[in-house]
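Okay, so here's the structure we're looking at.
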Ligand code: B12
Ligand code: SF4
């Protein structure tokens, strides 16, 4: 699939360069549209056929779907290096409607947060399972979950049960899970009438193709595809997912231009499986294009690597994440506080900041290494002693502290001589991992 | 079939709508209507009510037409080189078991793409006890002084091969002579019957000498010599591999051009195409794995598209996972580290597997077993699946 070009977009814009969109020219607006930093509606002069054409042109091959206020899908490429991925996989935690500790579990899901490098890793929503089989119990469970305000998936194959829940929750746009061959017509009618997204489910791709076509054809506003996460047949599962995504992106095959749902929670159907196996299933799916997942686990040891993997895969390869170079004050440093050196690669800087924050008052010199970590910048010559001397001068560090001592990362040990020459400061080689900084300062600073 | 029967009368109702004032009687009239579908034309014989022929297309408009489903074809002009590890007596070695890696004709575990050879796990063994996280140490405490016993344990625990890391040769540790290292290798070869990977200490001056000595001792065994890099004497390593029939691991750091350059240089020295495995560097989950993902996927894609300079099997230092603090650090709020650590290594491995890695260097028994399991599962389509819909009510 060829990448979208700003020129093509420009041709579909009015060409008035009136600035009403907030951009100076139509061309600038075209670039913003492609980067998804602007919306078509921002140009008030665009109307009629041209507008429709542009909407069609800009709609990503995998359409975006909103579950509650969480957007999934919207992908343009198969592999992240071809551009970037846009909407991180949404993680939903399954709760059964007759679980006596339903509210407690829901609150746990909501409040779960792990910080990694200044971003919060969190769950995205809750999938309520109609384990009881009872419409009334299900409705009440949905009402309880609604109170914690997270995107929801309503899981039942019984249209009556779903309808009862939609009566109270449809304004929250839950995902209806789901439509299978047997209930298709009723589920489509519900999704259409209540204007909610609908999951269509089948392990047979031709059937899934048909279900999706019939659903959109009968007015369902948006679809999520569940090609069945089968723990006894993971190869079959991957084959289906890969096929769907290639149909969408390489062939723009309409029935498959929707986000894909994976259900690692279903791995518990296999006797003997538990959190470990569920995490393994989720890791496989996280590497293969799924846009949303339903899991049982809220075990931190299992969820931390998964959310980390998601964070990694969805970083934008077009821009190495970096922070502003310069000097940072952590806590309230005085003229005796230590001075640390690190690079402006976001991951590196936040690792260091996270390790000293609240534990140590200090200054951090952030060198401009063009967004490289410590080792790559040393290997590539991007961490330069002269730059560090420059930063010290520019920020008048010699007036702010009276010790002239600099702690550098263990991995930068071989720069020690150069740094001492350029800055005239004494250089202490710190530990390899920034988690050792506080200890290091306690042992080596005060003397 | 049932659906068809239900739908066709509805079409007729739509058609009837064209005629005025018939809504009230539609139910009665329908009973007298017979419908025939031939070649996409609907013939409705209710002469007083409707025109005899109506284009089906036209009527179907509010109804739903299912577009034809044409499966996607994943075909590639080139395939990945196939490489034999180990050599039997007839072939000039002494291995009872040999393996092959590579030979892929498509992206890993994609529809229709055959995984000609199963990816393998090689177990990390060190020639002196290294500092290891508790979760790993507890499985090997009693064998860490004895590489042969350690290797046996690794094989029992599910690995296919063994890697011996000759870290004692580093001048900063015990500075053992290359000949001493070669003895360790010989002893290992004499006591286990699978192919081995021979790893240096990472010292750029010493490694070529160590690998050369070991290559000679292990002549004809088709071991992997780990590793040749651009900034050490790779020529020496390549020559040792050529003269003694081994495979070279070409290690670069997350850079496709660098990898091509190294491959080219090694091949120009006379290394055969079936003597080269690439290690593009495994950055760890949480610490740059996305760079590795992208570089490996690009290498595999370009290899399959026809770039012969990069169409070689890949190896991953999956053990690197233990460098991430999330894998080893004791922290209550991160959950049980005895599970977290092995899962960190497992997920790093799974990610690499799905990028096309053929050979995994690993360390924790549970990670090894899980990855082997995943490889088995992904290698074939199972006939019987789960009763999927039950997950909603289980
Ligand atoms: C990802 C990566 C890359 C990415 C860089 C992405 C980026 N934004 O930095 C890319 C692909 C671009 C890259 C390129 C290169 N890389 Co590279 N790369 C890595 C890799 C896999 C991970 C680095 C990383 O992200 N680490 C995570 C961050 C958070 O770590 P960090 O910055 O070091 O910070 C930690 C510590 O240093 C410490 N710390 C940080 N600040 C401070 C401050 C103080 C005071 C203290 C006490 C501690 C401290 O705590 C932090 C947390 O633990 C490593 C291998 C590895 N280590 O796993 C190789 C590695 C660093 N790369 C290496 C090389 C050789 C290169 C290249 C030169 C290759 C080439 N020839 O092109 C280039 C150089 C870049 C250039 N062209 O200019 C080598 C370096 C060898 C050496 N020691 O000299 C390594 C070790 C791989 C290897 N074994 O060969 N690389
Ligand atoms: S508002 Fe529309 S016409 Fe005016 S500059 Fe922006 S894109 Fe062009």
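Most fluctuating residue of A:44, A:317, A:100 in a GNM of chain A with Cα springs under 10 Å: which is it?
Judging by the Gaussian network model, the answer is A:44.
Take residue B:261, project a point 7 Å from its Cα along the Cβ direction, then tell me which residues of the range B:201-235 have their backbone nitrogen under 11 Å from it.
Flagged as within label range: B:230-231.
Can you give the mean number of other chain Cβ atoms that lie within 10 Å of the Cβ atoms in peptide A:237-245?
4
Computed FRET efficiency, Cβ-Cβ of residue A:134 and residue A:402, R0 60 Å: what is it to the nearest 0.05?
The value I calculate is 0.25.
Where does chain A land on the Kirkwood hydrodynamic radius, alpha-carbon pairs, in angstrom?
25.0
Which distance in Å, rounded to a whole number, links the C-alpha centroids of the range A:137-179 and the range A:332-396?
Value for the Cα centre distance between the two parts: 50 Å.
In a Gaussian network model over chain A where Cα atoms closer than 10 Å are linked, find which of A:316, A:335, A:99 has the largest mean-square fluctuation.
Comparing A:316, A:335, A:99 in a Gaussian network model of chain A, the most mobile one is A:335.
If you count the DSSP beta bridges with both ends in the range B:83-379, what percent of them are antiparallel, to the nearest 5?
Approximately 10 percent, going by the DSSP bridge assignments.
Hey, got the Cα dimensions of the range A:326-444 along the principal axes, in Å, largest first?
The Cα atoms of the range A:326-444 stretch 33, 27, 23 Å along the principal axes, largest first.
Looking only at the protein assembly as shown, where both bridge partners belong to it, what percent of the DSSP beta bridges are antiparallel (to the nearest 5)?
DSSP beta bridges in the protein assembly as shown are roughly 30 percent antiparallel.
Give me the base-10 log of I(q)/I(0) for the range A:64-313 at each q in 0.09, 0.13, 0.16, 0.17 Å⁻¹, Debye formula, one uniform scatterer per Cα, rounded to two decimals.
-0.35, -0.76, -1.21, -1.38
With just the Cα atoms defining each centre, how far is the range B:95-117 from the range B:270-319? Give it in Å.
So the two Cα centres are separated by 15 Å.
Using only C-alpha atoms and all pairs of different ones, pull out the Kirkwood radius for the range A:19-108 in Å with one decimal.
Kirkwood radius, the range A:19-108: 16.3 Å.
By how many degrees, between 0 and 90 and to the nearest 10, does the Cα long axis of helix A:159-169 differ from the longest principal axis of chain A?
The answer is roughly 50 degrees.
Ignore the peptide's own chain and count Cβ atoms of other chains within 10 Å of each Cβ in A:197-207; give me the average, rounded.
Per residue, the number of nearby Cβ atoms from other chains is 1 on average.
Let me have the 222 nm mean residue ellipticity of the protein assembly as shown computed from DSSP H runs of 4+ only, each contributing -39500 (n - 2.57), with the sum over all residues rounded to the nearest 500.
The per-residue figure over the protein assembly as shown is -11500 deg cm²/dmol.
Distance between the C-alpha centers of the range A:191-245 and the range A:45-109? Whole Å please.
15
On average, how many beta carbons from a partner chain sit within 10 Å of the beta carbon of a residue in B:322-334?
For this peptide, the per-residue mean of nearby foreign Cβ atoms is 2.
If eta is 1.306 mPa s and T is 10 °C, what Stokes-Einstein diffusion coefficient results for the range B:304-353, Kirkwood Rh from Cα pairs, in µm²/s?
For these conditions, the coefficient is 126 µm²/s.
In square nanometres, what is the average projected area of the Cα convex hull of the protein assembly as shown?
43.3
Just the number: Rg to Rh for the range B:242-310, Cα atoms, Kirkwood Rh, two decimals.
1.01
For the range B:83-379, compute Rg over Rh where Rg is the Cα radius of gyration and Rh is the Kirkwood radius from the inverse mean 1/r over Cα pairs.
0.94
For the range B:270-321, what does the relative contact order come out to in percent, with C-alpha contacts under 8 Å and a separation of six or more?
47
Per q in 0.17 1/Å, what log10 I(q)/I(0) does a Debye calculation on the alpha-carbon atoms of the range B:188-324 return?
Relative scattering, expressed as log10 I(q)/I(0), comes to -0.91.
Starting from the Cα of residue A:435, step 7 Å toward the Cβ, then list every residue of the range B:309-331 with an amide N under 14 Å from that point.
Residues B:321-331 qualify, since their backbone N sits under 14 Å from the label point.
So, R0 is 56 Å and r is the distance between the beta-carbons of residue A:45 and residue A:204; what FRET efficiency does that work out to, to 0.05?
So the FRET efficiency works out to roughly 0.75.
Once label points are set 7 Å from the Cα along Cα→Cβ at both residue B:63 and residue A:122, what is their separation, rounded to one decimal in nm?
Going from the residue B:63 label point to the residue A:122 one covers 4.8 nm.
If I model a spin label at residue A:446 and residue B:75 as a point 7 Å from the Cα along the Cα→Cβ vector, what separation in nanometres do I get?
7.5
Pairs of alpha-carbon atoms within less than 8 angstrom and 6+ residues apart define the contacts here; what relative contact order does the range A:181-240 have, in percent?
Here the relative contact order equals 36 percent.
Once a ≥ b ≥ c are taken as the square roots of the eigenvalues of the Cα gyration tensor of the range A:6-58, is the result rounded (a/c under 1.5), prolate (a/b larger than b/c) or oblate (a/b not larger than b/c)?
Rounded, because the longest to shortest axis ratio a/c is under 1.5.
How large is log10 of I(q)/I(0) for the range A:325-394 at q = 0.26 Å⁻¹ when the intensity is taken from the Debye formula with one equal scatterer per alpha-carbon?
Cα-only, vacuum Debye calculation for the range A:325-394: -1.15.
Going by average Cβ neighbours within 10 Å, how do the peptides B:311-324, A:213-226 rank, with the highest at the top?
The packing order, highest mean first, is B:311-324, A:213-226.
Running a GNM on chain A with Cα contacts under 10 Å, which residue among A:25, A:297, A:369 ends up with the highest mean-square fluctuation?
A:25
Under Stokes-Einstein, with the Kirkwood radius over Cα pairs standing in for Rh, what whole-number D in µm²/s applies to the range A:1-158 at 37 °C and 0.692 mPa s?
D, rounded to a whole number, is 174 µm²/s.
Below 8 Å, C-alpha to C-alpha, sequence gap of six or more: please give me the relative contact order for the range B:83-379 in percent.
19
Need the full-extension length gain, residue A:27 to residue A:192, defined as separation in residues times 0.36 nm minus the C-alpha distance. One decimal, nm.
55.6 nm
Could you pull the Cα extents of the range A:194-267 along its three principal axes, largest to smallest, in whole Å?
Computed over the range A:194-267, the largest-to-smallest principal extents equal 35, 29, 17 Å.
Can you pull the Kirkwood radius for the range B:184-267, inverse mean 1/r over Cα pairs, to one decimal in Å?
That comes to 12.9 Å for the range B:184-267.
Restricting the count to DSSP beta bridges whose residues both fall in the range A:326-444, what percent are antiparallel, rounded to a multiple of 5?
Just about 30 percent of them are antiparallel.
Read-outs throughout are calculated quantities, based only on the coordinates presented, and are distinct from any laboratory measurement. Values in this document were obtained by computation on a predicted structure and should not be read as measured data. Every residue, glycine among them, receives a Cβ derived from its backbone with ideal geometry; neighbour counts consider all protein chains shown.
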